[in-house]
Amino acid sequence: DVLDPERLIQCPYNKHHRIRACRFPYHLVKCRKSYPEVAKELATCPFNARHLVPQADLCDHITKCNDKGFIEQDIVNQSSSFQREQVNAVSTWQAPPCDEDWE
């Protein structure tokens, strides 16, 4: 199950490391410091910071990334929500009373 926090994920820095999903973000930070040469060769997916791929494969990963759909759907939802708020917004502003008499 992709959402199981106990499932094991392979570390992109060291193929022998298998980390529980719930600990994976912390492990990435630690391993990045331990393997700086490998870190230079990897690129981070713009849709999910847990996806580290070789820089040469980033464009291909971006087109196929499963998390891309979630981000795009969030953008659509936020956009339509903002438009509904704009339509439903009613201005409560009123001009202050004017004491001046220009006649």
Selected from 22, 48, 71, residue furthest toward positive end of dipole (the chain; charges at beta carbon): 22
Helix axis angle, 24-34 relative to the chain longest principal axis, alpha carbon, degrees: 60 degrees
Lysine pairs with alpha-carbon atoms under 18 Å apart, the chain, spacing 8 or more or separate chains: 4
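Figure the gain on full extension for residue 92 and residue 30 (residue separation times 0.36 nm, minus the Cα-Cα span) and round it to one decimal in nm.
Values: separation 62, 0.36 × 62 = 22.32 nm, distance 5.30 nm.
Going from the current span to full extension adds 17.0 nm.
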Rounded accessible area per residue of the chain, 1.4 Å, Å²: 83 Å²
Using alpha-carbon coordinates, inclination of helix 67-88 to the longest axis of the chain, degrees: 10 degrees
Label-point separation, residue 7 to residue 78 (7 Å along Cα→Cβ), nm: 2.6 nm
Calculated Cα extents along the principal axes in Å (choose from (1) 57, 31, 22; (2) 87, 30, 28; (3) 53, 33, 31), label: (2)
Dipole magnitude of segment 8-74, debye to nearest 20 (Cβ charges: Lys/Arg +1, Asp/Glu -1, about Cα centre): 480 debye
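Per the 1.4 Å probe, what fraction of the accessible area of segment 1-60, in percent, lies on carbon and sulfur atoms? Kindly include the intermediate steps, with their values, before the conclusion.
Values: 2320 of 4270 Å².
That fraction is 54 percent.
The values are calculated or read from the model by the stated rules, or taken from the named source; none is laboratory data. It should be emphasised that the depicted structure is a prediction, and the values quoted were computed from it without experimental measurement. No Cβ is skipped: glycine too gets one built from the backbone with ideal geometry, and neighbour counts run over all protein chains shown. In case anyone asks, the SASA skips ligands and DNA or RNA and just uses the protein heavy atoms, side chains included. Shrake-Rupley method; radii C 1.70, N 1.55, O 1.52, S 1.80 Å.
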